[in-house]
Amino acid sequence: MTGGAVAAVDLGATSGRVIIGRFDGSGSISMETVGRFANTPVRQPDGLHWDLLGLYRGALDGLRGAFRAEPGLASIGIDSWAVDYALLRGDRMLGVPFHYRDERTSAGVEAVHARVPFEQLYRRNGLQFLPFNTLYQLATEGDWLAQAEQLLLIPDLLGWMLTGARVAERTNASTTGLLDVTSRAWDLDLASRLEIPAGLLPSLVDPGATLGGLRPEVAGELGGQAPVVAVGSHDTASAVVAVPMRADRAAYISCGTWGLVGVETEHPVLTDAAREANFTNEGGVDGRVRFLHNVMGLWLLSESVRTWEAAGLSVDLPSLLAAAGKVTGPIGLFDANDPVFLAPGDMPARIAAWLRAHDQPVPSSPAEFARSIVESLAEAFAVAVRSASELSGVPVETIHVVGGGALNTLLCQRLADRSGLPVAAGPVEATAIGNLLIQARTAGLVSGDLESLRAVVAAAFDVVTYLPARAR
Ligand code: LFR
């Protein structure tokens, strides 16, 4: 196999990166970050939006750096969070995409469920209930839907800006609620019942498909030319590609803003029990299923830090977590799945209110809050792993933690203790690695199924193992 390089544009809820992956021809990978930019949502009179053009600008700047470092770049791939979209009329975006944490969607939930009850929806799309799933957001669009000619999810939107091609990558399309969970085609009957014009939904493509070359103006601006290739454009789909696991006996947690906790299966699990446990069947790369549950994740901590800093406190996260590890005495446990924690705003106040209302000890310092968050997350993760295993029949022997949460030693240890299972932490950059690997396979720089790609990850990146307290 020959060597070569590809570039990942990886957009997270708080920052975006452009990362080059170099493959040396023997199947090994090394990475270089060539661009990093903040992702700061903007509140407008009509609600909370993403700074979409700012993100595109950040991606362009990063890609210019990528071409400088690797003029022969084989391809570019884009991933981001799921569910959010822009509506287009011709080549014009109709407004700025909303942020999924905007609170306008509750009216959309009622409107959709009045037409199609949740039980029926689950049978068709296999998705857990999250109030921001695309189909609920669309139910709030009103006249804008009639004006629109096309809907593009965020990574597809950036792909269109770069190439002019309009597609819907399938792993991310699976989070809209409009994809049939069994056939993996658009559910046009459901769309019509919800009065969503079928013409809005672009042709579906699978990870590995080539969208096309850069538009000439873009290539000129970037100083290079390369095709854009569809990857697992839902960030969680890319992350799961890069979990160095045995999928038949492990669970994964993609732990960043969210904690996505689950297993990989060959077929969707659409039982009443799975629906009642609010587990989702999202589309994975190579036709796999990501059977998982969304837990609130490190958002609980980052939004707390933001609140303290807004009040004039300066917070250093490593010191805060070190202090949290030393907290003694009773620690309040709250339900990290409670939707009251979804919206931006004063997180410590909401946590304190929850604990008080449930007769739990209320923290009085940032360290005590951080400990309560870590313990509550570890507990919610352990419970979700147990449910994923029971509902899917996958016997879980190890829990893999990838993403930023893999650096949180207190969380990984407490998860091992609370689950009674070994926790294998790393790689931190799983999302970008999964993005790079699918491009590399398309370019012929690596080959094989997901198991072969995971072997590349296992060889190239360190994993730290945490054993449960009673096994140490
Ligand atoms: C993680 C993630 C989750 C999705 C949430 C909202 O970044 O993509 O998988 O449920 O963001 O899009």
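The values are calculated or read from the model by the stated rules, or taken from the named source; none is laboratory data. What you see is a predicted model; the values in this text were computed from it and never measured. Cβ sites come from the backbone with ideal geometry, for glycine too, and all protein chains shown count toward neighbours.
Okay, here's what the table says:
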item: Residue among ALA469, ALA443, ALA432 that alone is within 24 Å of THR210 (Cβ to Cβ), of a type outside the set (Lys, Arg) and over 24 Å from the mean Cα position of the chain (by Cα); result: ALA443
item: Verdict on ALA349 being of a type in the set (A, V, I, L, M, F, W, C), within 28 Å of ARG104 (Cβ to Cβ), surrounded by fewer than 20 Cβ atoms within 10 Å (Cβ to Cβ) and away from the ligand (no atom under 16 Å from the Cβ); result: yes
item: So LEU321, is it closer than 21 Å to SER419 by Cβ and without any contact (Cβ under 8 Å) to a residue 60 or more places away in the chain; result: no
item: Residue check, VAL240 within 18 Å of GLN439 (Cα to Cα), under 16 Å from the mean Cα position of the chain (by Cα) and in the same structural domain as LEU333 (by TED's automatic domain parsing); result: no
item: Residues of segment 279-301 classified as of a type in the set (Lys, Arg), surrounded by 24 or more Cβ atoms within 10 Å (Cβ to Cβ) and outside any strand (DSSP E or B), total; result: 0
item: Residue selected from segment 240-254 under the condition out of contact with any Phe, Trp or Tyr (no Cβ under 8 Å at 6 or more places or on another chain) and hydrophobic (A, V, I, L, M, F, W, C), by the criterion surrounded by the most Cβ atoms within 10 Å (Cβ to Cβ); result: ALA242
item: Hits in segment 311-367 - residues which are polar (S, T, N, Q) and either over 29 Å from GLU103 (Cβ atoms) or not assigned by TED's automatic domain parsing to the domain that holds ARG414 (or both); result: SER314, SER319, THR328, SER364, SER365
